[in-house]
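Below: one structure, written as structure tokens.
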């Protein structure tokens, strides 16, 4: 067997998966007994790094690809993720589009969601200011600032 | 449609509003009115104003026991000048001309604006016709108008939930034959503080940069105000384009991650500008607010 493998290597013939594995394991395990004997038998007793590199390349080429076992749990998560992404994407695509004007410097808000309490208050403030501008009413400034909010009593 | 007493059957709400606009420049009167403004928490602020009017010129004084005593407001065409007697200082802000204050067609409206007659009532001992301004089915304003002289004796403005945000009602009124023009002039040597001066001053006191809208947008700064809202320092500016009003509000302090774009009758567009949280609000579409957000400048003295 070893001799067969050795001969194959010498002739530059393709190794099958089992042979490749055997050779690779021998090299990785430091089984120099076989390797050394093979090398001694070579015409050129000083194998170059180039030779070893070529050997490794050939081993990689012919090495069988390990088939991964199907992971139902992991795959399930992936499928769920892909499904969620697809649905989200479909939902976003189905939403009415708004043409966005180029916005220099200004960045869109971090969160786009429902109305906030603070937002509602700002709207009320806006309406109050708008009423002053266009409705003929005004909120004058106090001439003297009170020391206490007497209206709260 | 309900017609109030004294309304000619041929009168329509639109024709009465046109009459109000036309007569505004001819009216001369003195009156005392109660003004009510609701603050953001919904608490009403009520105070009396003493109003003297000669056409488009208006002078407002406050009773001696008023928290606003010691200041005189003079309005003419597009400016409101508030004179602080003790400081000899005039604060200038802009207003819409009287005729435009009764133009209900401007801005983005949800559905057509309709004017409808409703039951009037007696205001300042004068019979009135009431006109409701509706956008869709939502009441935006109500006006109580003395039809013969076309004077608005009571006015209420409503928010998007139909709650009143501000208004006035005359308690007493007298129509005058003449009013001296000199009543509408203010001391020439007073220091004048323009809206942009006010903005810079307020921004400094609130430790903010005086960001504002570039005038090339067509929006003009009407006034700037500072204050606190829900624990945050707020610098607010209101702008007018002649067709719509937009607020630019700068917020400092507090967590407002929940503040978001909102679409409706009034739109909100919050955005970051060089680390500052700015919010544009107005009855214009979101695209307009986005475009305005790209036109922020620092107000120069």
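Structure summary
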| item | result |
| --- | --- |
| Test: residue in the range B:49-57 that is within 22 Å of residue B:141 (Cα to Cα) and either in contact with a helix residue (DSSP H, G or I) (Cβ under 6 Å, 6 or more places away or on another chain) or within 11 Å of chain A (Cβ to nearest Cβ) (or both) | yes |
| Single residue of B:85, B:123 found to be out of contact with any helix residue (DSSP H, G or I) (no Cβ under 9 Å at 6 or more places or on another chain) and within 9 Å of chain A (Cβ to nearest Cβ) | B:85 |
| In the range B:264-277, the residues that are outside any strand (DSSP E or B) and either modelled with pLDDT of 90 or more or more than 21 Å from residue B:295 (Cβ to Cβ) (or both) | B:264, B:265, B:274 |
| Residue match in the range B:252-269 (condition: more than 9 Å from every other protein chain (Cβ to nearest Cβ), under 30 Å from residue B:59 (Cα atoms) and surrounded by fewer than 18 Cβ atoms within 10 Å (Cβ to Cβ)) | no |
| Looking only at the range B:278-301, and only at residues there that are within 21 Å of the chain's Cα centre (by Cα) and part of a strand (DSSP E or B), the one that is nearest to the other protein chains (Cβ to nearest Cβ) | B:281 |
| Boolean, residue B:50 is surrounded by fewer than 19 Cβ atoms within 10 Å (Cβ to Cβ) and under 22 Å from the mean Cα position of the chain (by Cα) | yes |
| Positions within the range B:260-281 being in contact (Cβ under 8 Å) with a residue 60 or more places away in the chain and within 24 Å of residue B:162 (Cβ to Cβ), in sequence order | B:264, B:265, B:266 |
| All positions within the range B:13-22 that are touching a residue at least 60 places away in the same chain (Cβ under 8 Å) and surrounded by fewer than 16 Cβ atoms within 10 Å (Cβ to Cβ) | B:14, B:22 |
| Single residue of the range B:128-162 satisfying the filter (within 11 Å of chain A (Cβ to nearest Cβ) and in a loop (DSSP other than H, G, I, E, B)) that is nearest to residue B:53 (Cα to Cα) | B:159 |
| Boolean, residue B:229 is without any contact (Cβ under 8 Å) to a residue 24 or more places away in the chain, at the interface with chain A (Cβ under 7 Å from one of its Cβ atoms) and under 23 Å from residue A:138 (Cα atoms) | no |
| Filter pass, residue B:22 being modelled with pLDDT of 90 or more and assigned to a loop (DSSP other than H, G, I, E, B) | no |
| When residues of the range B:70-82 are limited to those that are touching a residue at least 40 places away in the same chain (Cβ under 8 Å) and away from every other protein chain (no Cβ under 11 Å), the one farthest from residue B:52 (Cα to Cα) | B:81 |
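Table: residues versus (1) over 17 Å from the mean Cα position of the chain (by Cα); (2) farther than 22 Å from residue A:128 by Cα; (3) surrounded by 18 or more Cβ atoms within 10 Å (Cβ to Cβ).
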position	(1), (2), (3)
B:68	yes, no, yes
B:90	yes, yes, yes
B:98	no, no, yes
B:103	no, no, no
B:125	yes, yes, no
B:138	yes, no, no
B:146	yes, yes, yes
B:151	yes, yes, yes
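Rundown of residues vs (1) more than 30 Å from residue B:112 (Cβ to Cβ); (2) modelled with pLDDT under 90; (3) in a strand (DSSP E or B), yes/no style:
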| residue | (1), (2), (3) |
| --- | --- |
| B:201 | yes, no, no |
| B:207 | yes, no, no |
| B:216 | yes, no, no |
| B:224 | yes, no, yes |
| B:228 | yes, yes, yes |
| B:242 | no, yes, no |
| B:247 | no, no, yes |
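The values are calculated or read from the model by the stated rules, or taken from the named source; none is laboratory data. These numbers were taken from a predicted model, which means no experiment stands behind them. Positions of Cβ are generated from backbone atoms using ideal geometry, with glycine treated the same way; all protein chains shown enter the neighbour counts.
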